[in-house]
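Since the structure comes first, as structure tokens, the remarks are kept for the end.
Throughout, read-outs are computed from the coordinates displayed, never taken from laboratory work. The shown structure was predicted, so the numbers you read here are calculated from the model rather than taken from an experiment. We place every Cβ from the backbone using ideal geometry, glycine too, and count neighbours over all the protein chains shown.
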Amino acid sequence: MSYDGSRPARVEDVHELALAMPHVTVEYVTSDNPVYQVGGKSFIFFRNPRPDAVDSETGERYTDVIVFWVASEADKQALVQDETTPFFTTSHFDGHKSVLLRANRVAELTREEVAEHVQDAWLSRASKRRGDAWLKAHPPRP
């Protein structure tokens with residue numbers, strides 16, 4: 001199968017891409033939802049239904065929220081304020097450098113875009129040494 005970064009992303013891509021980053025471990029703190037970590041720090045996790053993330057029409061809790069860490073509050077705001085992205089936040093995450101994405105909206109992003117968000121999440125939580133080594137091995141494209 002050939003790699004096609006421009007195809008719509010799938011939830012499986014989030015798992016695959018997170019596991020492909022170096023020094024990653026997976027924890028299952030509650031239920032069967034994985035928490036991807038680097039150096040003991042989570043960078044992506046699949047969240048349990050919580051009262052802060054609900055359908056505005058039905059009031060039902062979202063059961064498919066994925067949390068991605070970001071490098072800064074500015075990065076967070078850029079993602080959640082850009083109406084072309086499916087990322088959002090809730091008041092529970094005020095002051096927390098992360099954004100939320102519903103699994104049922106992952107296909108609004110390409111696989112390549114999800115790869116960038118996974119990599120950015122990993123870089124935001126990895127040690128400087130690990131981050132610098134990864135960036136040296138994967139220089140940004142011009």
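Among (1) 80, 47, 41; (2) 59, 40, 30; (3) 47, 32, 31, only one was calculated for this model; which label is it, if the read-out is Cα extents along the principal axes in Å?
(3)
How much length is gained on full extension from LYS128 to ALA20, taking 0.36 nm per residue of separation minus their Cα-Cα distance?
37.0 nm
Assigning unit charges at the beta carbon (Lys, Arg +1; Asp, Glu -1) and nothing else, what dipole magnitude in debye, to the nearest 20, does the stretch 11-129 show about its Cα centre?
620 debye
Tally Lys and Arg at +1 and Asp and Glu at -1 over the other residues with C-beta under 15 Å from the C-beta of VAL70: what net charge comes out? Write down the numbers at each step before the final one.
Details: positive: LYS41, LYS76, LYS97, ARG125; negative: GLU73, ASP75, ASP82, ASP94, GLU113, GLU116, ASP120.
Net local charge, VAL70 excluded: -3.
Counting only C-alpha contacts under 8 Å and six or more residues apart, can you give the relative contact order of the stretch 11-129 as a whole percent?
Answer for the stretch 11-129 is 27 percent.
In whole angstrom, how far apart do the alpha carbon centroids of the stretch 47-84 and the stretch 98-142 sit?
Between the Cα centres of the stretch 47-84 and the stretch 98-142 lies a distance of 17 Å.
By the gyration tensor of its Cα atoms, with a ≥ b ≥ c the square roots of the eigenvalues, what is the shape of the stretch 32-80: rounded for a/c under 1.5, prolate for a/b over b/c, or oblate?
Verdict is oblate for the stretch 32-80.
Among VAL70, PHE46, THR90, which residue has its Cα positioned farthest towards the positive end of the charge dipole of the chain, with +1 placed on the Cβ of Lys and Arg, -1 on the Cβ of Asp and Glu, and the dipole taken about the Cα centre?
So the residue we want is VAL70.
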